[in-house]
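Inspection log for the structure reproduced underneath, given as structure tokens.
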Amino acid sequence: MNSPEHALSAKTRWVWRETLRIHRRAPETRLASSLSSIEIFVALYYGGILRHDAAEPLAELRDRLIISKGHGSICMYPILADLGFFPVEALDKVCQAGGFLGGIPDPVIPGYETVNGSLGHGLGVATGMALGLKRKASDRAVFVLAGDGELHEGANWEAAMFAAHHGLDNLNLIVDDNRISMLDYTNKIVGHGDLAGRFAAFGWQAEEADGHDVVQVRERLAAMKENHSGKPKVLVAKTRKGHGVPKLEGEPLCHIINPKPELLDQLLGEAP
Amino acid sequence: MTQPSQAMRDAFLLRLLEAMRQDEKLFFVTADFGSPVLDRIRAEHPERFVNVGIAEQNLINVSAGLALEGYTVFAYAIAPFITMRCYEQIRVSLALLSEVRPLNVNLIGVGAGYSYVVSGPTHQCYEDLTIMRALPNLGLLSPADHVTAAAMFDTCLARRQPKYLRLDAQVLPVVHQAGAPDPSLGFAQLRRPGKICLIATGYPVHTALQVAEQFAASGRDLAVIDLFDIAGFERPALLQTLADYQAIVTLEEGFKGRGGVDALFFDLLADTPPRPMLNLGVAPGYRFELGSRVQLHEQVGIGPNAVRAALTAFIDRHHL
């Protein structure tokens, strides 16, 4: 029962519940897209992947994490509070005057590196950081979380070409491939086809994972981080937007749907 | 003895080349745009020279990432492309992010105004001052000669903030023969006497000087100010300088009435006693005529003849 695998699963469940609680208090937050990336963040922070320092969030010795899909990372709030980046009480003031945890996270939050509300910027900035780290002979890694929807922004592919050309094998992209943008399934808007295959064609080392199997995600990320074969790396995590919440999961408009408080209460009241 | 002229970019990049030899934290990024001095930077410092290709959005993002890792970054491209093609990258990852994390990224745009004379409206740049001055936290430097451009390298190093440095693509005569102007003031007075003060930035400083000389020959003095630091000039000092004049004339190589230098002075002078003001700039519109830079300027209202005629009418209208 006390295996590391079990601990990761328990943490995943805890973050899922805390994220629902935050959304219950602050319905302005985007719930569905914050539920597809929970296992990814749990694996990074509790699975020993990401070196971090809550006392000094921008310490030189940290691994960098750029959260490009800012809106869909409300699940980071309980994680960062739990790890000591800021007091737990701050979670009570999400989207409130005097608080600093907004509907879309900003870099005033300890643990956030960059501005993330506008989509499609993270990979490019992370690419510059990865190049900078290489040039100063640092062995720190750069992780980026991007949504599949924001990969419609062309700047991502400018960065993808650049990172491969420069062999930035300290750059690790995770795509939260929940396959739903704001108005519809991405394959009904502009389909990505075989996303991993597209990155491979751009010169990346590409892999897929079940994004809701936290143990598998952790294993893939650990292997990815240690892989220095001269190529940037991407893990396409197959996820479900609105994971675990009826009326969100599988609903193409779930990005902008707020579940009724009663439904959230009912889900939170069930045995964990 | 007058100083020989040099291209602004060569004067600036020579300073950078020299500094890169001493300072490991200087990084150069270009969007496939070059110069002979750049070839030397590339040859001497291949580890800190990167060509991102024709990809200005990535130019900005990569520069932001490098700056976050502690580098002082010089990003280089043609003026309209390094400002307008990637405006939201500049807004989000430079202007906005630097509110929280200090970033020293220097955007070097070559081709202010009509300096790419025969390349047409895509390569000419009449909007950059307007849109770049809309962004808080962004420095905005606009030299009128290579002496000032070279000196601005020190300003780029000293001020840890994102900046836009707009350089002319042509070799222009030296305005500041006695040496670079004081960077802390952000402006320099080139001619003092007279009731009317002409204020310009970049190439139009030369037009203002030429027109002022012509008026002086017929017995009327006009003052001329070179405003080279558009975001960081010392407001009280400029207001005090302008208090000596009965009328203010601005001259810009950008669209008139669209938020450029003219708007800057409406704001600056809002709390001063009313006095006649004339704003001269490019008549908004895109044109495809070919000709010399002066000919193009005359067509849109900022050539020496057009400025002289507008000034004469202004003087008559206000009995100056």
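In the context of the full protein assembly, B:Ser5 retains an accessible surface of approximately 60 Å², using a probe radius of 1.4 Å and ignoring ligands and nucleic acids. Excluding the sites themselves, what is the longest stretch of chain B that contains no GluC sites (Glu not before Pro) in a DSSP loop with at most 15 other C-beta atoms within 10 Å? Result for the longest clean stretch: B:25-233. Residue-wise HN-Hα couplings along segment B:263-276, as the Karplus relation 6.51 cos²θ - 1.76 cosθ + 1.60 with θ = phi - 60° gives them from phi, are 5, 4, 7, 4, 5, 4, 8, 4, 9, 9, x, x, 8, x Hz; Gly and Pro carry x. Bridge orientation summary for the protein assembly as shown: considering DSSP beta bridges with both residues in this region, about 10 percent are antiparallel.
The GluC sites (Glu not before Pro) of segment A:2-65 meeting both criteria, a DSSP state outside H, G, I, E and B (loop) and at most 16 other C-beta atoms within 10 angstrom of the site's C-beta, are A:Glu28, A:Glu60. Convex hull volume of the C-alpha atoms in segment A:4-268, normalised per residue: 111 Å³. Quick one: grab the alpha carbon gyration tensor of the protein assembly as shown, order the square roots of its eigenvalues as a ≥ b ≥ c, and give me rounded if a/c is under 1.5, else prolate or oblate depending on whether a/b is larger than b/c. The shape class here is prolate.
Using only the Cα atoms, work out Rg/Rh for segment B:1-42, with Rh taken as the Kirkwood radius, to two decimals.
Taking Rh as the inverse mean 1/r over Cα pairs, Rg/Rh reads 1.04.
Loop-located trypsin sites (Lys or Arg not before Pro) across segment A:80-141 with a Cβ neighbour count of 15 or fewer within 10 Å are A:Lys136, with loop assigned by DSSP. Interface residues of segment A:155-187, defined as those losing at least 30 Å² of solvent-accessible heavy-atom surface relative to the isolated chain (probe radius 1.4 Å), are listed as A:Ala155, A:Glu158, A:Phe162. Among A:Ile180, A:Ile109, A:Ile40, which one shows the biggest mean-square fluctuation in a GNM of chain A, springs joining Cα atoms closer than 10 Å? Answer for the Gaussian network model of chain A: A:Ile109.
Computed from protein heavy atoms with a 1.4 Å probe, the total accessible area buried between B and A is close to 2200 Å². Each helix, a run of at least 4 DSSP H residues, gives -39500 (n - 2.57); summed and divided by the residues of chain B, these come to -10500 deg cm²/dmol at 222 nm. For B:Leu107, the residues whose modelled amide H falls within less than 5 Å of its own, excluding neighbours fewer than 5 places apart on the same chain, are B:Ala75, B:Lys163, B:Tyr164, B:Leu165.
Quick one: grab the alpha carbon gyration tensor of segment B:215-320, order the square roots of its eigenvalues as a ≥ b ≥ c, and give me rounded if a/c is under 1.5, else prolate or oblate depending on whether a/b is larger than b/c. Note, shape of segment B:215-320 comes out oblate. Think of a 1.4 Å ball rolled over the protein heavy atoms: the protein assembly as shown then has 38 Å² of accessible area per residue. The order of B:Val174, B:Val205 by accessible area, most exposed first and with a 1.4 Å probe, is B:Val174, B:Val205.
For A:Leu253, the shell of other residues with beta-carbons less than 15 Å away shows a net charge of +3, using +1 for Lys and Arg and -1 for Asp and Glu. Segment B:285-320 and segment B:229-250 have Cα centres spaced 23 Å apart. Here the protein assembly as shown exposes an accessible surface that is 53 percent carbon and sulfur, computed with a 1.4 Å probe and the other protein chains kept in place.
Prolate is the label for chain B, because the ratio a/c of its alpha-carbon gyration tensor axes (a ≥ b ≥ c) is 1.5 or higher and a/b is greater than b/c. The residues of segment A:91-118 occluded by other protein chains by 50 Å² or more of accessible area, set against the chain on its own, are A:Val115; surface from heavy atoms, 1.4 Å probe. Its relative contact order, with pairs defined as Cα atoms under 8 Å and 6+ residues apart, puts segment B:187-318 at 24 percent.
The values are calculated or read from the model by the stated rules, or taken from the named source; none is laboratory data. Keep in mind it's a predicted model, so treat the numbers as computed, not measured. Here Cβ is always computed from backbone atoms with ideal geometry, including for glycine, and neighbour counts include all displayed protein chains. To get the accessible areas, we keep the full protein, side chains included, count just its heavy atoms, and leave off ligands, DNA and RNA. Shrake-Rupley method; radii C 1.70, N 1.55, O 1.52, S 1.80 Å.
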